[in-house]
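**Q** Would you mind keeping the following structure in view while I ask a few things?
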Amino acid sequence: MPNIALTDNLRETIRSLRKKQKIRGDELSKELGKGASYISQIESGKIKEIDFNLLNNIFHKVTNLSGSEYNEFIKDLLDNNISHMTNEELQHEKWIIQFNHEIRKFPITDSLIKFIRSSLEKLHYTPEEFVEYINQNIDAPNISVSESNKLYIDVTDIGNGSLQATSYIRFNLPSDFIQKILSKETKTINYINMEGILFYIYLANGLPAKEAHEKATRLLYDNQFYTIEERNKLIQNAYLQKKSQNEDFTIYDLQPTDLDKQYTKLRQQINSGFSAMRDKNITYTCEKLELLIQNMHYDLGLVFALFSSPLYKLNPKDKMAFWNDYKDLLFKYIAQNSNNETFD
């Protein structure tokens, strides 16, 4: 498994997240199956590096998030870190590069689906056959990695105070991996897997490995799959432009993609709705938000489905009847020992 250097920035990130959630270091260490002082040794600098999977598990533990909610946490965490770093400084933060390439999910665009489908047709490959081709890993026969489908990053000093990050991966993708993309059953994907698909398409077309990699990364960029350096540059350029023009701006204005901007705007509107409820009755709102968070931890997908149901289509005079029917249905499925719960 790849190891990650524990930089000052990463140690402080772990410490601040843990304290924000009011989790003691020894408690977190125990949840990770480590000795009581393990987290303390990480935060103090006594432990110099950490397995990437374990680092990912730490973030899961301190946030208690999963799925799309965890993906949004990772996106915000990376953006918050890169907002005050140069690209040279980012090269030292191997963990940021690793999370952006392996953990963070990007939406798969229609243009990428069209490109993959047409490319496979021209190459006379079925999606399953092309997965077999990818899994041969013919571009890296001499690279020794201990775990398939895991990104390994080497950071080397290339002189003049500059660093260069080189990534390695040995693919062992499921046979239906590409078919699920083409059918849109899979809607998001991490950077390294999409890069691998595109790279091998160009390789199968006879391009040298270097050119295949350059064309793959260019196509990724055109579809808003940004590396952490590219994302940092876009955010910094947007910031400098706003400052130079003496314009007022918010974090929304610095988002590098249209989907990022849309998400930020929608989240702000949701926050405004909760703030309006707070202004009416802060005690009631806090109680209900605590229940909402509990429901989200239980099943985020179910809560999201309920939230996004088209309630706005209800006839206003039918709202109370709908609510009473909903309560009856919920009581029907709630365990007997929870039947005393009330609904307001």
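The values are calculated or read from the model by the stated rules, or taken from the named source; none is laboratory data. Predicted, not measured: the structure shown is a model, and the values here were computed from it. Note that we place each Cβ from the backbone using ideal geometry, even for glycine, and neighbour counts take in every protein chain shown. When the accessible area is computed, the model is the full protein with side chains, heavy atoms only, and any ligands, DNA or RNA have been set aside. Shrake-Rupley method; radii C 1.70, N 1.55, O 1.52, S 1.80 Å.
**Q** Can you list residue pairs whose Cβ atoms sit under 9 Å apart, with the first residue in the stretch 205-219 being closer than 14 Å to I134 by Cα and the second being part of a helix (DSSP H, G or I) and open to solvent by 40 Å² or more (accessible area, probe 1.4 Å)? Count only pairs 6 or more apart in sequence or on different chains.
**A** Short answer, once both residue conditions are applied: N205/K122.
**Q** Would you check if K34 is charged (D, E, K, R), loosely packed, with under 14 Cβ neighbours inside 10 Å and assigned to a loop (DSSP other than H, G, I, E, B)?
**A** Values: charged (D, E, K, R): yes; loosely packed, with under 14 Cβ neighbours inside 10 Å: no; assigned to a loop (DSSP other than H, G, I, E, B): yes.
It is false that K34 is charged (D, E, K, R), loosely packed, with under 14 Cβ neighbours inside 10 Å and assigned to a loop (DSSP other than H, G, I, E, B).
**Q** In the stretch 76-91, which residue that is crowded, with 17+ Cβ neighbours inside 10 Å and out of contact with any Asp or Glu (no Cβ under 8 Å at 6 or more places or on another chain) is nearest to R15 (Cα to Cα)?
**A** Top of the filtered list is L77.
**Q** Still on this structure, please answer the following. Go through (1) in a loop (DSSP other than H, G, I, E, B); (2) at pLDDT below 80; (3) of a type outside the set (V, I, T); (4) surrounded by 13 or more Cβ atoms within 10 Å (Cβ to Cβ) one by one and return the number of the condition Y226 breaks.
**A** The one condition Y226 does not meet is (2).
**Q** While we're looking at this one, here's another question. Sort through E12, E43 and tell me the only one that's part of a helix (DSSP H, G or I), loosely packed, with under 13 Cβ neighbours inside 10 Å and not hydrophobic (A, V, I, L, M, F, W, C).
**A** E12
**Q** Could we say that N137 is under 16 Å from the mean Cα position of the chain (by Cα) and not hydrophobic (A, V, I, L, M, F, W, C) here?
**A** It is false that N137 is under 16 Å from the mean Cα position of the chain (by Cα) and not hydrophobic (A, V, I, L, M, F, W, C).
**Q** Which of the residues belonging to the stretch 243-296 are open to solvent by less than 80 Å² (accessible area, probe 1.4 Å), in a loop (DSSP other than H, G, I, E, B) and at pLDDT 75 or above?
**A** N281
**Q** Against the conditions (1) in contact (Cβ under 8 Å) with a residue 60 or more places away in the chain; (2) not in a loop (DSSP other than H, G, I, E, B), where does H92 fall short? Just the number, please.
**A** Just one mismatch for H92, condition (2).
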